[in-house]
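As structure tokens, the structure follows; a few thoughts come after it.
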Amino acid sequence: MIDIHCHLMVGVDDGAKDIDEAKEMIRLAKEEGIKEIIVTPHYTLELKRVYETKFEELQKLACREGIILHKGCEYKLQDAVVQKGELITLADSEFVLVEVTQTFLTEYVLNQIYDLKLCGYEIIIAHPERSFKGKDIEKLKKLGEMNVYFQLTAGSFLGMFGKQAQKLSQELLEIGLCHFVASDAHNSKSRSFCFKETRKYLKTIYTEEGNIDLLFENNPKAVFSKNEKVVTKHFKKRNFFERLFKK
Ligand SMILES: [Fe+2]
């Protein structure tokens, strides 16, 4: 599996606080079956200055565990708009991970996202299920129609971010607005990966068992493989009897 959103870089944001924490996170990622990680610290001006050194330091640690790391960053939408033209993309692709912190999905916000797309970027919205509410679904659909992609958090499906985020994550998955499941891991304890458990859970409750891997493996791979495309799928819940008789 491939994790496209992870705060593994040491001492640059609210992610791994020291090398030992990063080592433990890498160990846990391996245990979860994660083979590649796109490292996505929160963007700051300072981050750009230290990025290369910090990334190399991490790469040495991950290499020892057989995990491949790629460069990336998580931008607040307003920062991405200001920095456009020199964004740190995911694994040197055209994909950018963007967090929308405005509570309302106004036309202005949609225009900012459109503006980034016009610059040639493919936009992945980070954790919409935690940023928005059910009433925003129509606007999120509009973004989907603009070929904007969505990354949901593994822990949200398990209820780790509350009932509202859990419900919205299922709704988004069902209407084709979940292209990636990522950890958004910040540490080795309270905000870890949850990949294995979430994948198993989703395979149990949705009929398209085979397509669940699309979210953990194939679509993440398409971010940095030129020959592959990110695929949009709608998922349908199993009914009571289907769940009862599922082996
Ligand atoms: Fe994040």
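Since every read-out is calculated from the coordinates, none of them should be taken as a lab result. Treat the numbers as computed from the prediction; the structure is a model and nothing was measured. Positions of Cβ are generated from backbone atoms using ideal geometry, with glycine treated the same way; all protein chains shown enter the neighbour counts.
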The range 1-91 shape via C-alpha gyration tensor axes, a/c threshold 1.5: prolate
Relative exposure of H186, H127, judged by other C-beta atoms within 10 Å (fewest first): H186, H127
Approximate spin-label separation E94-E57, in nm, with each point projected 7 Å along Cα-to-Cβ: 3.5 nm
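Assuming R0 = 45 Å, what is the FRET efficiency of K139 and V50, from their Cβ-Cβ distance, to the nearest 0.05?
After rounding, the FRET efficiency stands at 0.80.
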Likely footprinting exposure, Y51, Y43, fewest C-beta neighbours within 10 Å first: Y51, Y43
Shape of the chain, Cα gyration tensor, a/c cut at 1.5: oblate
Counting DSSP beta bridges with both ends in the range 2-244, the antiparallel % (nearest 5): 5 percent
Tally of Lys pairs whose C-alpha atoms are under 27 Å apart, taken over the range 176-237, 8 or more apart or cross-chain: 23
Using θ = phi - 60° and Karplus 6.51 cos²θ - 1.76 cosθ + 1.60, couplings along the range 62-73 (whole Hz; Gly, Pro as x): 5, 4, 4, 9, x, 9, 8, 9, 10, 7, x, 6
Unsatisfied cross-links (Cα-Cα over 22 Å) in the set K23/K76; K23/K71; K17/K60: K23/K76
Per-residue HN-Hα couplings for the range 145-153 [Karplus 6.51, -1.76, 1.60; θ = phi - 60°; Hz; x = Gly/Pro]: 5, 7, 6, 8, 9, 10, 10, 9, 8
Nearest-0.05 FRET efficiency for H234 and F104, computed from C-beta distance (R0 30 Å): 0.70
In order through the range 127-139: 3J(HN,Hα) via Karplus (6.51 cos²θ - 1.76 cosθ + 1.60), integer Hz, x for Gly, Pro: 5, x, 5, 9, 8, 10, 10, x, 5, 8, 4, 4, 5
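Of R199, R243, how do they rank once you tally other Cβ atoms within 10 Å and put the fewest first?
Taking fewest neighbouring Cβ atoms as first place, the list is R243, R199.
Can you tell me what percent of all Cα-Cα pairs in the range 112-247 are more than 26 Å apart?
In whole percent, the share of Cα-Cα pairs in the range 112-247 beyond 26 Å is 22.
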Theoretical FRET efficiency, 1/(1+(r/R0)^6), r = Cβ-Cβ of K167 and K189, R0 22 Å, to 0.05: 0.30
